[in-house]
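Here's the structure we're looking at; comments come further down.
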Amino acid sequence: MNAAKWVASFGGAGLLPRAPGTWGSLAALAVGAALLAASPWLLAGGAVAATIAGFWAIPRAGGDADPGWVVIDEAAGMGLTMLALPAPSWLGLAAAFALFRLLDITKPGPIGAIDRWHGAAGVMCDDLAAGLLGAALLYALRIATGWP
């Protein structure tokens with residue numbers, strides 16, 4: 001496997017059988033939880049790094065049409081959603097994962113429109129939008145419930 005495919009598949013997570021987006025999101029959740037535990041700034045840096053890496057890797061790995069094995073976009077989006085958490089907790093991580101996957105799968109509103117873009121921008125930006133919306137919803141849920 002070349003470097004671009006390794007990056008685009010988020011270290012091979014997207015090559016696992018069945019539901020590669022879910023596997024990629026779970027791998028990103030694990031990495032993101034470790035980064036968040038160390039510092040929210042590290043998590044933010046990881047999301048930015050995944051975004052830059054995705055824009056580099058996708059065209060080089062032949063992922064312009066968003067094949068299922070390309071999950072670096074899930075890694076970037078999942079990281080953005082997790083930024084709404086003050087620290088990793090089982091409840092917070094589960095909520096971040098559920099919200100991000102729901103938005104990534106259903107692609108409501110502008111997320112669906114962005115998903116129709118071509119090239120690396122289309123592959124990456126719908127998940128970035130889902131991640132941002134997921135973070136906003138997770139933050140609103142935290143505020144509404146008083147949950148830390």
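Read-outs throughout are calculated quantities, based only on the coordinates presented, and are distinct from any laboratory measurement. Source: prediction; values computed, not measured. Don't worry about glycine lacking a Cβ; one is built from the backbone with ideal geometry, like all the others, and counts go over all protein chains shown.
For region 1-57, just say rounded, prolate or oblate: build the C-alpha gyration tensor, square-root its eigenvalues into a ≥ b ≥ c, call rounded for a/c under 1.5, and beyond that prolate if a/b exceeds b/c, oblate if not. Oblate, since a/c reaches 1.5 and b/c is not below a/b.
Return the loop-located trypsin sites (Lys or Arg not before Pro) in region 78-148 (DSSP other than H, G, I, E, B) with at most 12 other Cβ atoms within 10 Å of their own Cβ; answer none if there are none. Present the calculation step by step, with values, prior to reporting the outcome.
Numbers: sites: Arg101, Arg116, Arg142; in loops: Arg116.
For trypsin sites (Lys or Arg not before Pro) across region 78-148 that sit outside H, G, I, E and B with at most 12 neighbouring Cβ atoms in 10 Å, the list reads Arg116.
Computed across region 1-120, the Kirkwood hydrodynamic radius from all distinct Cα-Cα pairs reaches 14.3 Å. With all pairs of separate Cα atoms included, region 41-110 yields a Kirkwood hydrodynamic radius of 13.1 Å.
Considering helices alone, the calculated mean residue ellipticity of the chain at 222 nm is -24000 deg cm²/dmol, with DSSP H runs of length four and up weighted by -39500 (n - 2.57) and normalised per residue.
What number, in nm² with one decimal, is the all-direction average of the projected area of the convex hull of the alpha-carbon atoms of region 73-144? Don't skip to the answer; put the middle values down first.
Details: hull surface 17.5 nm².
In nm², the orientation-averaged hull projection of region 73-144 is 4.4.
Sparsely packed loop sites in region 23-127 (the chymotrypsin sites (Phe, Trp or Tyr not before Pro) outside DSSP H, G, I, E and B with at most 14 other Cβ atoms within 10 Å) comprise Trp117.
Given springs between every Cα pair under 10 Å in a Gaussian network model of the chain, which of Ala96, Ala13, Ala136 has the largest fluctuation? Maximum among the listed residues: Ala136.
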